[in-house]
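Written out below as structure tokens is the structure these notes cover.
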Amino acid sequence: MALRPQRPVSAELTPVGDEPVYEVGLPAVPSVSPGQSRELQVRVRRFGGSQDTAEVDFSANGGLTVMPARTDVKFDRAGEAIVPVTLTAPVDATVPGTGTLTVTVGGERRDVPVTVDLATRLGQASASSTHASFRPEGAIDGDRSSDRWGQGNGWNDATQGAFPDTLTVDFTAGAPVGRVDLYTIDSAQFPAKAWGLRDADVQALVGGQWRTVAEIRGNTDGLVRRTFEPVTATALRVIVRSANDNAYSRIVELEGYPQ
Ligand SMILES: [Ca+2]
């Protein structure tokens, strides 16, 4: 029998036409603190097509809000556009928490997870001195327990018997602070009244100036909570002036809240 010449398989190709494809990019997992508004740069790229503009929609869940909800972007000659959006968390946001920022352009939808946490927790900790492994980062790691003291979950200065000592937390962006929860060492083995900090000043960096927002005097408690008129701060610091053992400054956790 004669072999029939094999017929080439033809794929039904959809004409490419003028339909662009979009890509949405964000630099990293965005984060925001309760009561804080942060500007994010959303990058939109267009592949194909010839449209100079596109409509981009933004929405958020988890209690977050995003502005604007919709905008028209104009692409540059490389087919890129940068869209600034402002992401805001409510002052009573649960921390730590998560939300989602959704960006939609053309048929492309991108869901971006957003971390919601205290400005202190998201910040960068440093100290006037550090004793061995009692690093300043331990004071913003979310672990308030004095039972794990010595496992890196709290800060201890390195100048025995010499004060003041300072623990500083720089925020990633300005955030409202109207309350500070300061956990000094307090366990069965190391009770605060014998080992904790006694006198300290809490200061907020407001408009580039340090402002004392709380004074702690004669403290014997493990948790020192102070509320004050809220400020928009870019950093928080604790200046420890004395400790109950007259030797070291010990902070297990430093937390700043909007209220
Ligand atoms: Ca800690």
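Readers should treat all values here as calculations from the given coordinates under stated rules, not as data from a laboratory. Everything quoted here is computed from the prediction, not taken from an experiment. Here Cβ is always computed from backbone atoms with ideal geometry, including for glycine, and neighbour counts include all displayed protein chains.
Given a Förster distance of 22 Å, report the FRET efficiency between Val29 and Met67 from their Cβ-Cβ distance, rounded to the nearest 0.05.
0.65
What value, in deg cm²/dmol to 500, does the helix sum -39500 (n - 2.57) over DSSP H runs of n ≥ 4 give at 222 nm once divided by the residues of the chain?
Working: 1 runs with 4 residues, N = 259.
One gets 0 deg cm²/dmol as the mean residue ellipticity at 222 nm.
Residues with beta-carbon under 14 Å from that of Ser128, excluding Ser128: net charge, scoring Lys, Arg +1 and Asp, Glu -1? Please list the in-between numbers first.
On the way: positive: Arg135, Arg237, Arg241, Arg250; negative: Asp157, Asp165, Asp201.
Neighbour charge sum, excluding Ser128 itself: +1.
May I ask for log10 I(q)/I(0) of the range 124-257 at q = 0.20, 0.22 Å⁻¹, from a Debye sum over the Cα atoms as equal point scatterers with solvent left out?
One equal scatterer on each Cα of the range 124-257 leads to -1.12, -1.35.
Name the residues of the range 45-74 whose amide N is less than 14 Å from a point 7 angstrom out from the Cα of Val21 along the C-beta direction?
The answer is 45-49.
Could I have the simple spin-label model distance between Ala132 and Thr53, label points 7 Å from Cα toward Cβ, reported in nm to one decimal?
In this crude label model, Ala132 to Thr53 measures out at 6.5 nm.
Taking θ = phi - 60°, what integer Hz values does the Karplus form 6.51 cos²θ - 1.76 cosθ + 1.60 yield along the range 184-191, in sequence order, with x for Gly and Pro?
9, 5, 7, 9, 4, 6, 10, x
Scan around Val114 for amide H atoms under 5 Å from its own, H built in the peptide plane at 1.01 Å from N, and keep only partners 5 or more places away or cross-chain.
The answer is Gly99, Thr100, Leu101.
From the phi angles alone, apply the Karplus equation (6.51, -1.76, 1.60; θ = phi - 60°) to the range 86-94 and give each ³J(HN,Hα) in whole Hz, x where the residue is Gly or Pro.
Calculated HN-Hα couplings, in order: 10, 9, 10, 10, x, 4, 9, 4, 6 Hz.
If I model a spin label as a point 7 Å beyond the Cα along the Cα-Cβ vector, how far apart are those points for Gln124 and Glu215 in nm?
Calculated label separation equals 3.3 nm.
According to the square roots a ≥ b ≥ c of the eigenvalues of the Cα gyration tensor, what is the shape class of the chain, taking rounded for a/c under 1.5, prolate for a/b larger than b/c otherwise, and oblate for the remainder? Mind dumping the intermediate values first?
On the way: a/c = 3.71, a/b = 2.49, b/c = 1.49.
Cα axes put the chain in the prolate bin.
In a shell of Cβ-Cβ distance under 13 Å around Ala28, excluding Ala28 itself, what net charge do Lys and Arg (+1) and Asp and Glu (-1) give?
Details: positive: Arg38, Arg43; negative: none.
Net of charged neighbours comes to +2.
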